[in-house]
Amino acid sequence: MSIERTDRVARERSRIVRWVVLGAALLFMTGITLAHQYVNVSKPAGVDALCPFGGLETLFTFISGGTFIKKTAMSALVLFGGTIILALVVRRSFCGQLCPLGALQGFFGSIGDKLFKKRPQVPALIDRPARLLKYAVLVVFTVWTWQAAELVMRPYDPWAAWAHISSAELFTEFGIGVAVLGVSLAGSLVYERFFCKYLCPTGAYLALLSKVSLFTIRRDADACIDCGACDKACPMNIKVATAEEVRSSECISCNECVNSCPAAGALEVKKPGGGAVSPLIVTVLVAGILLALVGGATAVDAFQWRMPSLAEAVEQHGGASGLGDTGGEGAGGPADVAPGGFDTSLIRGYMSMAEIAEVTGIPAEEFSATFGVPEDQLSRPMKDIKDTYGFAPEDVRAWVEERLATP
Ligand code: SF4
Ligand code: SF4
């Protein structure tokens, strides 16, 4: 006969701490990506420079040429590396404990809990093959991105859409991403973690790695009272109640099953060597690992929290591109090196013509005369004035290149 658990408070605390961490990740990342659009002084980095999948997307370009695909940066590689380390230690713990898009779906899932007494199930015949879709998304978009050397997934990305939720370009640039986001959140109301289950490429590579990770969840059949609480609690619909060990690559290490188990010692997170670890420790460990990595990278100036000015970009890359914000050729594509060694691909839409004039030495009046921009508007970011004066940052890039070639 199993002993009723007496650690109800500890389990509840663990649950609360996980939701607080997820909520903080969602708020922080939403805040920084919104600030990216509205703050022009010391402009915060954009969504792609702060996304682990952005790290995978730029990996090939980085390894082959030491540069980054436009809009990505070393910070994306650091986060990509961080998620890999986490997956090797505690499986898809990034998904269950830290991912802001996972948090968003989780919150919708909680609303769904209140709306539906009994959630409908996706028939196994559809659910099983549909879960393979995310691996196809991973392979197709990774190969396509590596070949094109640009972020081809961006228009379809629900997180990029969320990050531009208040942007004027939301429906023109991210229309499909908005649709994917809407379907994912509506789907999460009914099925929980809809995007994670079926479509997320980050979840897919973490799922593959989770097969060899150190921590696991084990069920002790002698202590189990067969109540099925773990099955009911699992947002990924994993059959925990009949498993000896949860080894499914679908498990996002949220530990909801462990926290919902009423029988002492029946379901526990096991560390290497077999000892039990509380779900609260798992949350602290996972958040601690990522914070330490990001903190370390920030300390050695390898984490881009903000977009570089043109002068900084020139200094940092010495002719190779880094972060970016506009269309046209960027890092990974051919560099547009003007005579005199200035790489015009470093010019981005968030920069001002005054800044470009200062760095290139081209008189500011020439920008005014060429693009019809009054001198008092030259210090504004080009992306904010381009529609008013009818030019594109690509035009400025091409003109600067031509102008620098003119003796
Ligand atoms: S599967 Fe994707 S969206 Fe879901 S939690 Fe993991 S990384 Fe985030
Ligand atoms: S098996 Fe447990 S830890 Fe894994 S996803 Fe389901 S509830 Fe979360």
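The values are calculated or read from the model by the stated rules, or taken from the named source; none is laboratory data. Nothing here was measured: the structure is a model prediction, and the numbers come from that model. Virtual Cβ from ideal backbone geometry, glycine too; neighbours counted across all protein chains shown.
Please go through segment 248-272 and give me each residue that is under 29 Å from the mean Cα position of the chain (by Cα) and more than 10 Å from ligand 2 (Cβ to nearest atom), ordered by number.
Answer for segment 248-272, where residues must be under 29 Å from the mean Cα position of the chain (by Cα) and more than 10 Å from ligand 2 (Cβ to nearest atom): Ser249, Lys270, Lys271, Pro272.
Does segment 192-207 contain any residue that is more than 20 Å from Val137 (Cα to Cα) and within 14 Å of ligand 2 (Cβ to nearest atom)? Full working, then the answer.
Let us first name the residues in segment 192-207 that are more than 20 Å from Val137 (Cα to Cα), namely none.
No.
Considering only segment 207-239, state which residues are under 11 Å from Glu250 (Cβ atoms) and either basic (Lys, Arg) or within 9 Å of ligand 1 (Cβ to nearest atom) (or both). Show your work before the answer.
Taking segment 207-239 first, the residues under 11 Å from Glu250 (Cβ atoms) are 207, 210, 234-239.
Ala207, Lys239, listed by residue number.
Name the pairs whose Cβ atoms lie under 7 Å apart, with the first residue in segment 368-394 and without any contact (Cβ under 8 Å) to a residue 24 or more places away in the chain, the second of a type in the set (Ser, Thr, Tyr), and 6 or more positions between them or separate chains?
That search, which allows pairs on different chains as well, returns Gly372/Tyr389; Val373/Tyr389; Pro374/Ser368; Glu375/Ser368.
Does segment 55-63 include one or more residues that are free of Cβ contacts under 8 Å to residues at least 24 places away in the same chain and either within 16 Å of ligand 2 (Cβ to nearest atom) or under 14 Å from the mean Cα position of the chain (by Cα) (or both)?
no
Would you mind telling me which numbered condition in (1) more than 16 Å from ligand 1 (Cβ to nearest atom); (2) assigned to a loop (DSSP other than H, G, I, E, B) Phe171 fails?
(2)
So, Val21, is that one surrounded by fewer than 19 Cβ atoms within 10 Å (Cβ to Cβ), within 16 Å of ligand 2 (Cβ to nearest atom) and assigned to a helix (DSSP H, G or I) or not? Talk me through it step by step, then tell me what you get.
Details: surrounded by fewer than 19 Cβ atoms within 10 Å (Cβ to Cβ): yes; within 16 Å of ligand 2 (Cβ to nearest atom): yes; assigned to a helix (DSSP H, G or I): yes.
When the stated conditions are applied, Val21 passes them.
Just for segment 263-311: of the residues that are surrounded by 15 or more Cβ atoms within 10 Å (Cβ to Cβ) and among the charged types (D, E, K, R), which one is farthest from Arg218 (Cα to Cα)?
Arg306
Which of the residues belonging to segment 253-284 are away from ligand 1 (no atom under 16 Å from the Cβ) and in contact with a helix residue (DSSP H, G or I) (Cβ under 7 Å, 6 or more places away or on another chain)?
Of the residues in segment 253-284, the ones away from ligand 1 (no atom under 16 Å from the Cβ) are 257-281, 284.
Those that are away from ligand 1 (no atom under 16 Å from the Cβ) and in contact with a helix residue (DSSP H, G or I) (Cβ under 7 Å, 6 or more places away or on another chain): Cys257, Val258, Asn259, Ser260, Cys261, Pro262, Leu267, Glu268, Val269, Ser278, Pro279, Leu280.
Let me spell it out: the conditions are (1) in contact with a Phe, Trp or Tyr (Cβ under 8 Å, 6 or more places away or on another chain); (2) acidic (Asp, Glu); (3) more than 25 Å from Leu209 (Cβ to Cβ), and Glu57 meets all of them except one. Which number is the exception?
(3)
So how many residues does segment 64-97 have that are within 16 Å of ligand 2 (Cβ to nearest atom), part of a helix (DSSP H, G or I) and either over 14 Å from Val294 (Cβ atoms) or of a type in the set (Ser, Thr, Tyr) (or both)? If you could, list the steps in order and put the result at the bottom.
So the first thing to find is which residues in segment 64-97 are within 16 Å of ligand 2 (Cβ to nearest atom), and the list is 86-87, 89-97.
Cutting the leftovers down to part of a helix (DSSP H, G or I) gives us 86-87, 89-90, 93-97.
Okay, now just the ones that are also either over 14 Å from Val294 (Cβ atoms) or of a type in the set (Ser, Thr, Tyr) (or both), so 87, 89-90, 93, 95-97.
Going through segment 64-97 one residue at a time, the tally reaches 7.
Yes/no matrix, rows are residues, columns are (1) crowded, with 20+ Cβ neighbours inside 10 Å; (2) among the β-branched types (Val, Ile, Thr); (3) modelled with pLDDT under 90:
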{"position": "Gly332", "(1), (2), (3)": "yes, no, yes"}
{"position": "Ala335", "(1), (2), (3)": "no, no, yes"}
{"position": "Ala338", "(1), (2), (3)": "no, no, yes"}
{"position": "Phe342", "(1), (2), (3)": "yes, no, yes"}
{"position": "Ile362", "(1), (2), (3)": "no, yes, no"}
{"position": "Glu365", "(1), (2), (3)": "no, no, no"}
{"position": "Met382", "(1), (2), (3)": "yes, no, no"}
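Can you tell me which residue among Ser184, Ser253 is assigned by TED's automatic domain parsing to the domain that holds Arg91, in a helix (DSSP H, G or I), out of contact with any His (no Cβ under 7 Å at 6 or more places or on another chain) and surrounded by 19 or more Cβ atoms within 10 Å (Cβ to Cβ)?
Numbers: Ser253 fails: in a helix (DSSP H, G or I).
It is Ser184.
Quick check on my filter: what residues within segment 240-250 are more than 16 Å from ligand 1 (Cβ to nearest atom), modelled with pLDDT of 95 or more and assigned to a loop (DSSP other than H, G, I, E, B)? So that I can check it myself, show each step before the final result.
Narrowing segment 240-250 to residues more than 16 Å from ligand 1 (Cβ to nearest atom): 240-247.
Still in the list and also modelled with pLDDT of 95 or more: 240-246.
Within segment 240-250, Val240, Ala241, Thr242, Ala243, Glu244 qualify.
Quick one: how many residues across segment 143-177 are buried (at least 20 other Cβ atoms within 10 Å of the Cβ) and either among the β-branched types (Val, Ile, Thr) or in contact with a Leu (Cβ under 7 Å, 6 or more places away or on another chain) (or both)?
Residues meeting the conditions: 6.
Can Pro100 be described as modelled with pLDDT under 95 and assigned by TED's automatic domain parsing to the domain that holds Val258?
Numbers: modelled with pLDDT under 95: no; assigned by TED's automatic domain parsing to the domain that holds Val258: yes.
No; evaluated as a whole, the condition is false for this residue.
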